[in-house]
1. With each pseudo-label sitting 7 Å past Cα toward Cβ, what's the VAL198-ASN91 distance in nm, one decimal?
2. Test of understanding: what is the full-extension gain from GLN58 to ALA40, defined as 0.36 nm times their sequence separation minus their Cα-Cα distance?
Amino acid sequence: MTERLTRWMGSVGAALLFLAGGCMTPSGETMGEQRASVRAMRRDTVNELVTLRPELKQRLVAAPGYGAFSNFGLKILLAGQGNGYGLVHDNRTGREIFMRMAQVNVGLGYGVKKYRAVFIFNDPAVFRRFVEEGWEFGGTAQASAKVEDRGGTVGAASSVNPIDIFLLTDAGLALEANLQGTKYWQDDDLNNAPDDLVPTKVQMQRKVSSAFESMQ
């Protein structure tokens, strides 16, 4: 009985994680509207951080680049997943790069986690690698954003030291954030698709809504 219950709960958890995986997408029914939503998220997130830490305004301007990300995570039993989106700005060229992110967590637990993060890139080479090749905070890197003396810096792994990360929650600036298992990569659709294109997910949602309406 216990084994059967565990399997059932695991199946339910996996299903909920699957549904959650599609929840964290920019709002809007066209690519143009979704781009505007991501830009608004970055603007509001950076403004909130600068309000809390005014001294960071100059660092944001002087850095090779910076970005803001919005993440939603769900943890059920042994499985955990988070996903989100972001926008990175190249201060040298003015280029905007739309990004996606995903995080996989292991270990027993329950809960919903939502946060926004601001990345300040201090090293031009690391910034280029993050944007062009993608980035992953590995499970052994112990990568975390820790506030020390009111400053956020990435932790132990030397390969991530050139990035400063500031995590914002509903309660304000977080003291610590575990980024292990988080991957970042370019969003090809938002970077390249025309503004009037309707994303596949929105098309599917419209079809489902139409099907329900026809049944009434």
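Just so it is clear, none of the values below were taken in a lab; they were calculated from the coordinates. No experiment lies behind these values; they were computed from the predicted model shown. Note: ideal-geometry Cβ built from the backbone for every residue, glycine included; neighbour counts use all protein chains shown.
1. Placing both labels 7 Å beyond Cα along the Cβ direction yields 4.2 nm.
2. Working: separation 18, 0.36 × 18 = 6.48 nm, distance 2.05 nm.
Extending this stretch completely gives an extra 4.4 nm.
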